[in-house]
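Read through the structure below, which is laid out as structure tokens, and then see the notes.
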Amino acid sequence: MFLSAIKQYKHLQVIFDSISDMIFFVNIRSDGMFTYASANETAVRDLCLPKDFIGKTVYDIMPEHKAQKIVAHYQNAIDERKTISYIDTFITEGSTHWYESKVTPLFNQKNECEQIVVVTRDITENKRKEQALQRAKKELELIFMHAADALFTFDEMGRYLNVNPGFSILFGWSKEEIMEHPDITIFTEKNREDFQTIVKTLKEGNILKNLVCECITKEGNMISILASYSPMMDNGVMVGGIAMYKDITQYKIMEKLFKESELRFRQIAEHSSDLIRVIDKEGKIQYASPSHEKILGLSADFFLNKSALSFIHPDDMNIVQETIEIIKRTKAKRSIEFRRLNKKGKLIWMDSIGTPIINANEEVDQILFMSRDIGAKKRQESKLKHLAYYDSLTNLPNRRLFDIQLQAAMKASLRLKTLMAVFVLDCDHFKDVNDTYGHGVGDQVIQHFAERIKNTLREGDMVSRLGGDEFQMVLPDLEKEEDAVAIAQAIIDTMQIPFLIDEHRLNLTTSIGITFYRGETRSKKVLMEEADKALYQAKAGGRNMFCIYQLKKQGSRWKKFKKKFIRGR
């Protein structure tokens, strides 16, 4: 009854295709196989379903491991005789996407399942937000548990909720002792009153930083503390707070630890393949790792007391200087990519992370830069960009780059009121070449064909390979239409020379469709359709010729061009 109702109302198809979720109707064959009966436009588009997907089985469309899971869910819905939900993942272009599917079996009057309705929703954004929240929670837990400083949380009354290991190390009280004995305190009698005042201030949503106070350890030792407090708010109401305590009575110990840390840093830096350098507040290099000599060809001592901008590409000096100033101002890490010169003047791309070194006065005293040669990465990026915009067989621009070039040429024509032409051309009977001599010879023909086209063009003209044996051209800034016609005839003429491919001598021709643009309100799509129609007319006229797209009322001008410029037939 439900299915017949759908068929009776054709307007439901519009609603069906407008739904943002993916919807499938799946039939059950007599052999138990599930076949696709229908799908809305969202499903066809997002899953890139083939045009002939209707009637194909799940195994025909999906990878086998995915198909097995999907079929199992479908069968489960039938066995359970109810709607079931499941979540699955797909990897698209290296990125994981999550989908939630609801599978509903439809039963006929004989209580037999005739069809399944599947509604699939992309829940990737929700999953990623959920994962981000989990990561943030885990990161906060890791920070809390592994922070060197003492951290503790408290409720709105100032009572302990949790303490980290740093707290136990500093004050001597374990977490279990603090939780079991709420009367334990680290405050002097005076500071207890001060803490309650702090809690009241936090309830107003304020953050308190760098407060100096005296606290008591488990052993009764008095220590000086640099304390900071932040409230935890829920809808404007404080539900708790977090405190961070730093022991500032142990300067000597800290100094020793710093020296040990510096020694470890130098030991690591001496053996690192990265460029490691420390600069002072004035941007002078105070330390340079030995790797400078290997990468830049100059000893580490050469750089001491020189500007951090030394040997950086002039175009990148400003951004490096700005990065240094930002690190000094924000006291936060900063990464940057820039170019520098080695001893031989060769440019090297570097990826650098600058980390501020904070002194006891909470000021940036120095900046540690760790830089890595990313030349291989940059070359790979350039290669990938080239692959994205250029045809691998002919090294000509591909459709994507041609669209950009065409759009730019049209804007220039509109702005400057100049004439431009668009060509669409192909190699006549190219399929016969592939069928007779094989695709290896066919590829060489395409390469020679493209080279001959390029040799006929003016500076500024653009040619791209659309695919197969089809090419597109843009001829901007023409003085008159006859200039484009002359180029078209030159292309036809150059194709008259036999193609010598391996031991084969091939006589090939080309057909060309031409349309002109003078800044009229026509789209790229319309221009390409006009050129395609002109190409079709050239094919219909016997090939080895060009045709200019004209409206019917302008047919007399086409006849003039046809008679004067088409040769070599």
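At a 1.4 Å probe, what is the % contribution of carbon and sulfur to the accessible area of the stretch 33-93?
Carbon plus sulfur share of accessible area: 50 percent.
If you average the alpha carbon positions of the stretch 460-474 and of the stretch 150-182, how far apart do those two centres end up, in angstrom?
72 Å
As an exercise, use a Förster radius of 56 Å and the Cβ-Cβ distance of residue 509 and residue 54 to find the FRET efficiency, rounded to the nearest 0.05.
0.85
What shape does the chain take by its C-alpha gyration tensor, where a ≥ b ≥ c are the square roots of the eigenvalues and a/c under 1.5 counts as rounded, a/b above b/c as prolate, and the rest as oblate?
It is oblate, given that a/c is not under 1.5 and a/b is not larger than b/c.
Pop out the carbon and sulfur fraction of the accessible area of the stretch 307-351 as a percent, whole number, probe 1.4 Å.
On the way: 1380 of 2790 Å².
Within the stretch 307-351, the accessible surface is 50 percent carbon and sulfur.
Tell me the accessible surface of residue 528 in square angstrom (1.4 angstrom probe, heavy atoms of protein chains only), to the nearest ten.
Result for residue 528: roughly 30 Å² accessible.
What ranking of 181, 504 comes out by heavy-atom accessible area, probe 1.4 Å, highest first?
So, going from the largest accessible area down, we get 181, 504.
Need the full-extension length gain, residue 384 to residue 200, defined as separation in residues times 0.36 nm minus the C-alpha distance. One decimal, nm.
Net length gain for the segment: 60.4 nm.
Go through 51/385; 331/377; 281/346; 56/377; 383/524 and tell me which ones have a Cα-Cα distance over 32 Å in this structure. Write down the numbers at each step before the final one.
On the way: 51/385 30 Å; 331/377 29 Å; 281/346 29 Å; 56/377 43 Å; 383/524 28 Å.
Checking Cα-Cα distances, 56/377 exceed 32 Å.
With θ set to phi - 60°, apply the Karplus curve 6.51 cos²θ - 1.76 cosθ + 1.60 along the stretch 149-156 and write out the HN-Hα couplings as whole Hz, x wherever there is a Gly or Pro.
Per residue, the Karplus-derived 3J(HN,Hα) values read 7, 6, 10, 8, 10, 8, 7, 5 Hz.
I'd like the carbon and sulfur percentage of the solvent accessible area for the stretch 399-474, probe radius 1.4 Å, heavy atoms only, ligands and nucleic acids excluded.
With neighbouring chains kept in place, the figure for the stretch 399-474 is 48 percent.
Applying 1/(1 + (r/R0)^6) with R0 = 22 Å to the Cβ-Cβ distance of residue 347 and residue 309, what FRET efficiency is obtained, to the nearest 0.05?
Computed FRET efficiency for residue 347 and residue 309 comes out at 0.90.
In nm, what is the difference between 0.36 nm times the number of residues separating residue 529 and residue 33 and their Cα-Cα distance? If you can, show how the numbers build up before the last one.
Working: separation 496, 0.36 × 496 = 178.56 nm, distance 4.33 nm.
Stretched fully, the residue 529-residue 33 segment lengthens by 174.2 nm.
What does the accessible area per residue of the chain come to in Å², with a 1.4 Å probe and no ligands, DNA or RNA counted? Mind dumping the intermediate values first?
Details: 33630 Å² over 569 residues.
Normalised by residue count, the accessible surface of the chain is 59 Å².
Please report how far the C-alpha centroid of the stretch 299-347 lies from that of the stretch 86-120, rounded to the nearest whole angstrom.
Between the Cα centres of the stretch 299-347 and the stretch 86-120 lies a distance of 55 Å.
Place the peptides 33-40, 170-177 in order of packing, highest mean first, counting for every residue the other Cβ atoms within 10 Å and averaging per peptide. Don't jump to the answer; show the numbers that get you there.
Details: 33-40: 18.9, 170-177: 16.5.
Top to bottom by mean Cβ count within 10 Å: 33-40, 170-177.
Within the stretch 105-231, how many Lys pairs that are eight or more residues apart, or on different chains, come under 20 Å at the alpha-carbon?
Total qualifying Lys-Lys pairs in the stretch 105-231 comes to 10.
Starting from the 7 Å offset along Cα-to-Cβ, what nm value, one decimal, do you get for the label separation of residue 102 and residue 411?
With each label placed 7 Å out from Cα toward Cβ, I get 4.5 nm.
The values are calculated or read from the model by the stated rules, or taken from the named source; none is laboratory data. All values reported here derive from a predicted model rather than from experimental measurement. Ideal geometry is used to build each Cβ from the backbone, glycine not excepted, and the neighbour counts take in all protein chains shown. These area figures cover heavy atoms from the full protein model, side chains too; ligands, DNA and RNA do not enter into them. Shrake-Rupley method; radii C 1.70, N 1.55, O 1.52, S 1.80 Å.
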